[in-house]
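Structure, as structure tokens:
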């Protein structure tokens, strides 16, 4: 599948997404027609193995499609990017377990990388107990991928006597208690990121994925640590929000007259500069991210190890994209129409959403610091770099 094809599919979904966006925000959960259409288009399984109907698109293809969706509604893109972890883990599972994950191939996956659960070893697997406050799209999912720490007695089990044994546990959503907590959210409301709780849930050893485990499918998409491919796609959501903000601001500025100066907003110098700078920033962060992603992809296709220098370019591009998108949207918000200050305005939503997205990316900020360290000739500080 070419990048034009998957990106075109995403672009064609934008009118439907826009139609139901407000409904999703009111209900704090994506509208069913949107979830169904995006799932049928294959966007929840862009990084899933072909054996289960996955598209296995290249990272750059996934990036472009995610930007297009995010420009229409980042909540939809958040469903997509939060499905990536389970899709990539599927490549490390035996055939039977892999097929079980995708018995309904158009479903999204719930996900939380925050290891708030305790996993007690029992015969054949683990007993899982814990609560994850934010699990995107869990109500619409069939499975959730949830982080937890394996316990030995009352202490975490250590790997090499150094770091806790953190795993991603694949759990049928029906075995979780879902609390409708997201209705009080102020940003990314459509994501339905409700609270999920596991109470003595048994997870077999094979479904307790240890990050770094070798994939059973040897193809480029499954040859690296997942963070190298997934973190930039999360950044693509920020790029898409900026694209959407520019579209919104441009339309509004073109039609508004300042009640203070009596001049059309489009004729005001500061407003013109804000639009020009935001547009230039969008092109720069998009192009820079794609350039770095293509280097990673070429390395994965060749089978050669990805150098720390190439990883540093990818990680730094991802964090820079998020930071610049946040800065530019804030600028558009302050230099545009006063109408944006009203609750529910499209640009006001962009401002809230970009801060929420970058806050989520910030959980991995150690990779940003490590990228700088590598560029300065030092070793990365982040163990999973």
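Read-outs: derived from the displayed coordinates by stated rules, not from any lab. Predicted model only: the values in this text are computed from it and were never measured. In this analysis, Cβ positions are derived from the backbone assuming ideal geometry, glycine residues included, and neighbour counts consider all displayed protein chains.
May I ask for the distance between the Cα centers of region 78-152 and region 159-230, given as a whole number of Å? So the separation of the two Cα centres works out to 4 Å.
Principal-axis analysis of the Cα atoms of the chain puts helix 3-27 at an angle of about 80° to the longest axis. Taking 0.36 nm per residue of sequence separation and removing the Cα-Cα distance, the residue 276/residue 99 pair yields an extension gain of 58.8 nm.
A simple packing score, the average count of other Cβ atoms within 10 Å per residue, orders the peptides 146-153, 235-242 as 235-242, 146-153, with the highest score first.
Taking 0.36 nm per residue of separation and subtracting the Cα-Cα distance, full extension of the segment from residue 369 to residue 51 would add 110.8 nm. If the segment from residue 334 to residue 131 were pulled out straight at 0.36 nm per residue, it would be longer than the present Cα-Cα gap by 69.2 nm. Projecting label points 7 angstrom from Cα along Cα→Cβ for residue 12 and residue 269 puts them 4.8 nm apart.
What is the angle, in °, between the Cα long axis of helix 59-72 and the longest principal axis of the Cα atoms in the chain? Nearest 10 is fine, range 0 to 90. Its long axis makes an angle of about 50 degrees. FRET efficiency for the residue 174 to residue 362 pair, using the beta carbon distance and R₀ = 35 Å, is estimated at 0.60. Note on residue 158 and residue 219: their simple-model spin labels are 4.0 nm apart, each label 7 Å out from Cα toward Cβ. By its C-alpha gyration tensor, with a ≥ b ≥ c as the square roots of the eigenvalues, how is region 223-375 shaped: rounded for a/c under 1.5, else prolate for a/b larger than b/c, else oblate? Prolate is the answer for region 223-375, as a/c is 1.5 or above and a/b outweighs b/c.
Would you please classify the overall shape of the chain from the alpha carbon gyration tensor, given that a ≥ b ≥ c denote the square roots of the eigenvalues, rounded means a/c under 1.5, and beyond that prolate means a/b larger than b/c while oblate covers the rest? Judged from the Cα gyration tensor, the chain comes out prolate (a/c at least 1.5, a/b above b/c). Taking square-rooted eigenvalues a ≥ b ≥ c of the alpha carbon gyration tensor, is region 3-91 rounded, prolate or oblate, where a/c under 1.5 means rounded and, failing that, a/b exceeding b/c means prolate? It is prolate, given that a/c is not under 1.5 and a/b is the larger ratio. Once the Cα atoms are used to define both axes, helix 226-255 deviates from the longest principal axis of the chain by about 20 degrees.
Panel order for 155, 12, 107, by other beta carbons found within 10 Å of each beta carbon, from fewest to most: 155, 12, 107.
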